[in-house]
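The values are calculated or read from the model by the stated rules, or taken from the named source; none is laboratory data. Keep in mind that what you see is a predicted model, and the values were worked out from it rather than measured. So basically every Cβ, Gly included, is an ideal-geometry build from the backbone, and we count neighbours across all protein chains shown.
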Amino acid sequence: MKLNRALINPPNLSNEKSLKTLVENRTVYSLNHCELNLFETYESSALVPLKFNDLVVTSMLRGKKVMHLFDDPAFEYLPGETVVVPSKVEMKIDFPEAALHNPTQCLALAIDQTKITETLQFLNERYPKEGNDQFWHLNYQNYFFFNNVELATTINKLIKECLSTSITKDVLADLTLQELLIRIIQTQTAKAIDDGLFTDPKNPITPVIEFIRLNLRENINMKHLSEKASMSSASFYRLFKRELGMSPIEFIIGEKIRCAKQLLKNPTIQINEVCYLSGFEDSNYFIRLFKKYEGITPKQYQLLYVS
């Protein structure tokens, strides 16, 4: 269970008289290197097909869908979540709860392949990754993830530019597209770590992640981490921030919160004990931080599993 999805600000819904259909009514905003599609659905339906000629970044804005993608099991798709779909791959979508009083709204941002290629080339030339055979790339197997604040903020900026009437909107949108691709790659890396799928022995971050997880209750400092990566503290900090989009300290806090959430699934464990076992020294600080990250207190989170 994760409650800390960062939401995207949904644009206004279409005027009822302007709707062309009640299922996936589409509004399009075209720019030089991307196309923003806003889809709205106002009635329950199933297995609605959708396919784009370009890579598409989709994010839920309102309501709920059920996505059928690749040969994977169907999954619920909710606000605060993003799905990246390669070009010419067909999605099939259910709208189990859509109604006139409860519409779904989703954005689909189609991005030109030339823009993606240019951005990845720029990153690999100007900001090369550590080690041989390490490159910036989009991971099409890691296609579904929760929005963090940085990703949601970038998508909000891109929506604003696409809806703008300014003569500079294409230039600003191009810059934001670069940022969006970077944020997606960083989010994919963080999710792979969270899922235990980031095990590349060539990446200096791999032993650091292992060290952090084995020593959550210890006083971990930048010197310890940079030594594990065999780098200077300054170089390691830049590498970590670039790879994951967060600082090492932010990652450590996130790991402690993740550990606490696992412990809270035990209905008999005390909050003070969870605080200690997940590496926090002060229970009041732990409770405040947990609520900031998860939106509810540790006790409320624990009760969700009891009920």
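The one condition from (1) closer than 25 Å to residue 172 by Cβ; (2) surrounded by fewer than 18 Cβ atoms within 10 Å (Cβ to Cβ); (3) at pLDDT 95 or above that residue 32 does not meet is (3). Residues in the range 1-60 that are more than 17 Å from the chain's Cα centre (by Cα) and small (Gly, Ala, Ser): 14, 18, 30, 44, 45, 46. Of the residues 38, 19, 7, which single one is at pLDDT below 95, touching a Phe, Trp or Tyr at 6+ places or on another chain (Cβ under 9 Å) and of a type in the set (A, V, I, L, M)? One residue alone meets the criteria, 19. Across the range 227-259, the qualifying residues are those that are touching a residue at least 12 places away in the same chain (Cβ under 8 Å) and hydroxyl-bearing (Ser, Thr, Tyr), and the one among them that is surrounded by the most Cβ atoms within 10 Å (Cβ to Cβ) is 237. The residues of the range 37-55 that are in contact with a helix residue (DSSP H, G or I) (Cβ under 7 Å, 6 or more places away or on another chain) and assigned to a loop (DSSP other than H, G, I, E, B) amount to a single one, 54. Across the range 235-253, what is the number of residues that are acidic (Asp, Glu) and either at pLDDT 90 or above or within 20 Å of residue 281 (Cβ to Cβ) (or both)? Residues flagged as acidic (Asp, Glu) and either at pLDDT 90 or above or within 20 Å of residue 281 (Cβ to Cβ) (or both) within the range 235-253 amount to 1. Can you find, within the range 56-69, the residue that is nearest to residue 11 (Cα to Cα) among those that are part of a loop (DSSP other than H, G, I, E, B) and either free of Cβ contacts under 8 Å to residues at least 60 places away in the same chain or basic (Lys, Arg) (or both)? The selected residue is 63. Any residue at all in the range 123-137 that is basic (Lys, Arg), outside any loop (DSSP other than H, G, I, E, B) and surrounded by 14 or more Cβ atoms within 10 Å (Cβ to Cβ)? No, the range 123-137 contains no residue that is basic (Lys, Arg), outside any loop (DSSP other than H, G, I, E, B) and surrounded by 14 or more Cβ atoms within 10 Å (Cβ to Cβ). Residue under question is residue 110, and the condition is that it be assigned to a strand (DSSP E or B) and small (Gly, Ala, Ser); does it hold? Judged against the criteria, residue 110 is a match. Per the listing 167, 184, the residue uniquely closer than 15 Å to residue 58 by Cα and among the aliphatic types (A, V, I, L, M) is 184.
When residue 263 is tested against (1) touching a Leu at 6+ places or on another chain (Cβ under 9 Å); (2) farther than 13 Å from residue 301 by Cα, exactly one condition is not met: (2).
All of 199, 165, 176 fail the test of being of a type in the set (S, T, N, Q), more than 22 Å from the chain's Cα centre (by Cα) and either surrounded by fewer than 17 Cβ atoms within 10 Å (Cβ to Cβ) or under 30 Å from residue 36 (Cα atoms) (or both), apart from 165.
The sole residue among 225, 216 that is part of a loop (DSSP other than H, G, I, E, B) and within 29 Å of residue 272 (Cβ to Cβ) is 216. With the structure loaded, tell me whether residue 7 is under 30 Å from residue 293 (Cβ atoms) and either assigned by TED's automatic domain parsing to the domain that holds residue 88 or among the aliphatic types (A, V, I, L, M) (or both) or whether it fails that test. Here the answer is yes, as residue 7 does meet what is asked.
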